[in-house]
1. Filter region 334-386 down to the residues that are surrounded by fewer than 24 Cβ atoms within 10 Å (Cβ to Cβ), charged (D, E, K, R) and outside any loop (DSSP other than H, G, I, E, B) and list them by number.
2. It is to be established whether one or more residues within region 57-79 are at positive phi, part of a loop (DSSP other than H, G, I, E, B) and buried (at least 18 other Cβ atoms within 10 Å of the Cβ).
3. Residue 302: hydrophobic (A, V, I, L, M, F, W, C) and either more than 21 Å from residue 572 (Cβ to Cβ) or surrounded by fewer than 16 Cβ atoms within 10 Å (Cβ to Cβ) (or both), yes or no?
4. Take residue 519 and tell me if it is basic (Lys, Arg), surrounded by fewer than 20 Cβ atoms within 10 Å (Cβ to Cβ) and in contact (Cβ under 8 Å) with a residue 12 or more places away in the chain.
5. Out of all the residues in region 225-234, which are surrounded by fewer than 19 Cβ atoms within 10 Å (Cβ to Cβ) and touching a residue at least 24 places away in the same chain (Cβ under 8 Å)?
6. When residue 92 is evaluated against the numbered criteria (1) over 20 Å from residue 1 (Cβ atoms); (2) within 34 Å of the chain's Cα centre (by Cα), which criterion, by number, is the only one it fails?
7. For region 420-440, indicate whether the set of residues that are closer than 30 Å to residue 165 by Cβ and in contact with a Leu (Cβ under 9 Å, 6 or more places away or on another chain) is non-empty.
8. From 443, 491, 391, which residue is buried (at least 22 other Cβ atoms within 10 Å of the Cβ) and more than 30 Å from residue 690 (Cα to Cα)?
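The values are calculated or read from the model by the stated rules, or taken from the named source; none is laboratory data. Worth saying up front: this structure is predicted, and the values here are computed from it rather than measured. With ideal geometry, Cβ positions are generated from the backbone for all residues, glycine too; neighbour counts draw on all protein chains shown. Note: areas computed on protein heavy atoms with side chains; ligands, DNA, RNA excluded. Shrake-Rupley method; radii C 1.70, N 1.55, O 1.52, S 1.80 Å.
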Amino acid sequence: MSRQLIIDGTLVDVDDDETLMHACEKVGAEIPRFCYHERLSIAGNCRMCLVEVDGSPKPIASCAMMVGDLPPNRDGSPKAVSTQSELVKKAREGVMEFLLINHPLDCPICDQGGECDLQDQAMAFGVGGSRFGENKRAVEDKHIGPLIKTVMTRCIHCTRCVRYMTEVAGIEELGLIGRGEDAEITTYLEKGILSEMSANAVDLCPVGALTHKPWAHNARPWELTKTESIDVMDALGSAIRVDSRGKEVMRVLPRNNDAVNEEWISDKTRHVVDGLKVQRLDRPYVRKDGALVAVEWSEALATVADALKKAEPKKTGAIVGDLAGAEEMFALKQWLGGLGVDSIDCRQDGAILDPQFGRGSYLFNTTIQGIEEADAVVLVGCNPRLEAPVLNARLRKIWRSGAATIASIGEAVELGYDYDHLGGNPNVLAELAAGNNPFYDTLKNAERPMVIVGAGAVARSDGVGVASHAAQLADQLAGGKNPKWRVFNVLHSAASRVAGLDLGLVPSANDMDVSAMFKAASVGQLDVLYLLGADEIDTSKLGATFVIYQGSHGDRGAHRADVILPAAAYTEKSATYVNIEGRAQTTTQAVFPPGEAKEDWKIIRALSEATGKALAFDTLQEIRAKMYEVHPTLAALDQVQRASTDDVAVLAKQGGSVTSAPFMSGIQDFYFTNPIARASRIMAELSALRTAANTNRASSAA
């Protein structure tokens, strides 16, 4: 239902369920606010958004007043609202003067300087002086972990941080205690906050009460070059902004993308940047007499070419890591394919997902935004809190709204919301697919059910059976009350995985997958193994195989390598990544790679020439044109390319038995999932804190 209002002399139609603030913004009025935030509940406690409404005895907080709550005029005429009257001006000046009574004058040393809402609104809506000469109060700073620096004397009690932690992050450890002048934001138990998304509270703070501890006093915003890019710490493809100064990445911040990450990112995404500066591979190395020796690029390329020429194509393999972009994967397949090497696998964790079953068998078909429409969800062998914290926040959102019932088959872990734990092994899934579990009726009666299969659930010896049973369940539910709704979803944790499957980096039945490569290496039947950033493998099982490692960090793969080819990290190249829902997105180069390191596709292009099989492209535009020609889904940037609904049925028909071995999450340590994270001092500190907390919790429970 809608009604008419006269806002600043302009007649406008507004819906009853809109706030007065949004109604005023429809006519271009600027309404200041500190406590209000679009993604949090309404608090109405800062009072900066005051407006004047005819007939009201005092100014009204526009964020907390709904249009439908305004009483009508007696003569039926539209209600008049003013955002610029003298009363409103004086009211806002009074509120600003009140907020600044105790706020310290430390803007020159505050990390919020240049990005501070209080500074901006004091200039726009405040006055040039204060009538208060009393001493300012001081508040003790709080320790809330290694990521958030607190200067609580600056706090204006907007409670955004409290509401965010409670409503979005699911960690109810912040609150407001005391009254009046003694009121302060604090942790309930005086301990650090252990959440994978805690640092988003700093973005929400409108003053400098919460700032990022790792960035303290590092730079001012106007010194930084801002580059829009995509995150690769998980498979969601969150929108980020990379801020750099010179050749150094200084920080990563979230960008708004309602379809993917809204405006949140994980703590790992935000604070892993210090890992970009250490343990970097900045020049080629070749192993001579058992030791890695720095060499020129020409010698490294010649050594690789010589090894590949001597090796049998059928005894040569390649494994692609979790951070590889589509361009280098496409180039790798084209080059090695030209050499007769077909044993190329993008599934370094051993997952059974295969494009031969159809694209819908490995996508998050509901879409990330579609989660908010679901009314029943079953998690199969996954821990979304560790595998995709931002996606887990969406699951928490539908749980808080009461719109969905959630169940889990797998480890009994803390997810930040209540769920029914149906069991821990695949036999429970088989029973559910056969309709022999009480939760089956909940799913069957739901209009929009979801089945979410974790990457760890299909990276098992019985992975085919697990995937098939999950697909059978989804296929039964797909024909229910909402036939157009897509039920089956795979939650990947590797940023490169969907693009790798789209590009077909999966060996045929006659070639070697990852497990077959290791088996061949153990008996001396694998001559050469090419690792494209593959570090999440057990390199001790490679025996005497000649190993070529191409990557950015001196991690597991580089330690075992016979040749090291230094490559660019995700902030140092422009590359295409496809997220879990099939949305192709590109990173943008923010800084140059260190030393002699080069972009991955350029290294492969140079190797192709050294081996006499030169690839037919010389620029990024040319390789993308070739890639788009063969795989057009990658050309539709920032669009979800939906798969056929028949693909899930194909997967369901694969069959296969399952074992009673319990499901285990594909991620055991959230902070150490890739070489960049393992090189980060901040991630190491967070990992140690989480381990200590888990140990204390286990001992307390015992």
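1. Within region 334-386, 345, 359, 372, 373 meet the criteria.
2. Checking region 57-79: not a single residue is at positive phi, part of a loop (DSSP other than H, G, I, E, B) and buried (at least 18 other Cβ atoms within 10 Å of the Cβ).
3. Spelling it out, residue 302 is indeed hydrophobic (A, V, I, L, M, F, W, C) and either more than 21 Å from residue 572 (Cβ to Cβ) or surrounded by fewer than 16 Cβ atoms within 10 Å (Cβ to Cβ) (or both).
4. Spelling it out, it is not the case that residue 519 is basic (Lys, Arg), surrounded by fewer than 20 Cβ atoms within 10 Å (Cβ to Cβ) and in contact (Cβ under 8 Å) with a residue 12 or more places away in the chain.
5. Result: 225, 227, 228.
6. All conditions are met except number (2).
7. Among the residues of region 420-440, at least one is closer than 30 Å to residue 165 by Cβ and in contact with a Leu (Cβ under 9 Å, 6 or more places away or on another chain), which makes the answer yes.
8. The unique qualifying residue is 443.
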